[in-house]
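No value in this document is a laboratory result; all are computed from the given coordinates. On a predicted model such as this, the values are computed, not experimentally measured, just so you know. Using ideal geometry, Cβ is built from the backbone for each residue, glycine included, and neighbour counts are taken over all protein chains shown.
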Amino acid sequence: MARRKIIAGNWKMNMTPSEAVKLCAELKDLVKSDEADVVYCVPAIDIVPVVEAVKGTNVEVGAENMYFEEKGAYTGEISAAMLKDAGVKYVIIGHSERRDYFKEDDVLLNKKVKKAIEAGLTPILCCGESLEQREMGVTMDWIRLQIKSDLVDVTADQVKELVIAYEPIWAIGTGKTATTEQAQEVCKGIRDCIAEMYDDATAAAVRIQYGGSVNAGNAAELFAQPDIDGGLVGGASLKADFGKIVNYK
Ligand code: PGA
């Protein structure tokens, strides 16, 4: 069965609540699609107004982060249950900016993945290599280690529902997109890793996005690759171009 494309915006730390509502209105008609799932992953404070703003449209809302504990004394954190109750469907886990600036490691990310699934959220699990790692020739070793560690104790049935985003760190926000061949090669490598860890049916079901300077000009070629099931889009998700990316064909 063909995998349905999933195209998600990652707003990062952009858009105040009122700007967010305005952007939803601007994009509303542009992001209509029968062929792809469309998601806006938004800052925590924008979740409630954005859920309201996209009501009745094809857009689903995602969070950019969450904490793995159920509840309690974790000042500043947001739980999976809070996201779920607010109408969130997806949650980005392990974005390289969180791994890097906020020192999130794979032990923590594995806990977050499991908690998100338990709460009925779909993780968009991010992985990706630095430029140094690519130049050293350890890209796939590194990504396999991330995937294997982040999915400890996650079952095949749970992985089938998962979204994995391959985002080479050197391509994020740099305008320097991975070549189509590089992106396809790693996305296939991730699928092969899932097949080894689980089985072929699980590998065939999991959706794998490419992220890193996706724009209206390169989306069509990237998303046409056999192992690329859509994109995680940063900068270009904040403007009308996102509609062109969603309707890339
Ligand atoms: P970018 O960001 O599209 O601005 O490169 C992608 C991401 O970090 O998810």
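Extending 7 Å from Cα along the Cβ direction at Asp157 and again at Glu69 yields two label points whose distance is 3.1 nm. Under 17 Å from a point placed 7 Å out from the Cα of Ala25 along the Cα-to-Cβ direction: which residues of the range 43-61 have their backbone N that close? Only 49-57 pass the distance filter. Taking the square roots of 5 times each eigenvalue of the Cα gyration tensor of the range 46-90, largest first, gives ellipsoid semi-axes of 23, 9, 8 Å. Here the relative contact order of the range 124-249, from alpha carbon pairs under 8 Å that lie six or more residues apart, stands at 25 percent. When you filter the trypsin sites (Lys or Arg not before Pro) in the range 62-104 for DSSP loop state and at most 15 other Cβ atoms inside 10 Å of their Cβ, you are left with Lys71, Lys103. The dipole here belongs to the chain: it is taken about the Cα centre, uses +1 on the Cβ of Lys and Arg and -1 on the Cβ of Asp and Glu, and is about 520 debye.
Working from label points 7 Å from Cα in the Cα-to-Cβ sense, the Thr16 to Lys103 distance is 3.3 nm.
Ordering of 195-205, 161-171 by packing is 161-171, 195-205, highest average first (other Cβ atoms within 10 Å, averaged per residue).
For the range 47-76, state which chymotrypsin sites (Phe, Trp or Tyr not before Pro) are in a DSSP loop and have at most 15 other beta carbons lying within 10 Å of their beta carbon. Hits after loop and neighbour filter: Tyr74.
Which lysines, if any, have their Cα less than 29 Å from the Cα of Lys32, not counting same-chain residues under 8 positions apart? Partners within reach: Lys5, Lys12, Lys22, Lys55, Lys84, Lys89, Lys160, Lys176, Lys188, Lys239, Lys244, Lys249. Per residue, the convex hull spanned by the Cα atoms of the chain measures out at 118 cubic angstrom. Using Cα pairs under 8 angstrom and six or more residues apart, how large is the relative contact order of the chain, in percent? 22 percent. From a point 7 Å beyond the Cα of Ala2 in the direction of its Cβ, which residues of the range 33-47 have a backbone N at a distance under 13 Å? Within reach of a label on Ala2, which here means backbone N under 13 Å from a point 7 Å along Cα→Cβ, the range 33-47 contributes 34-37.
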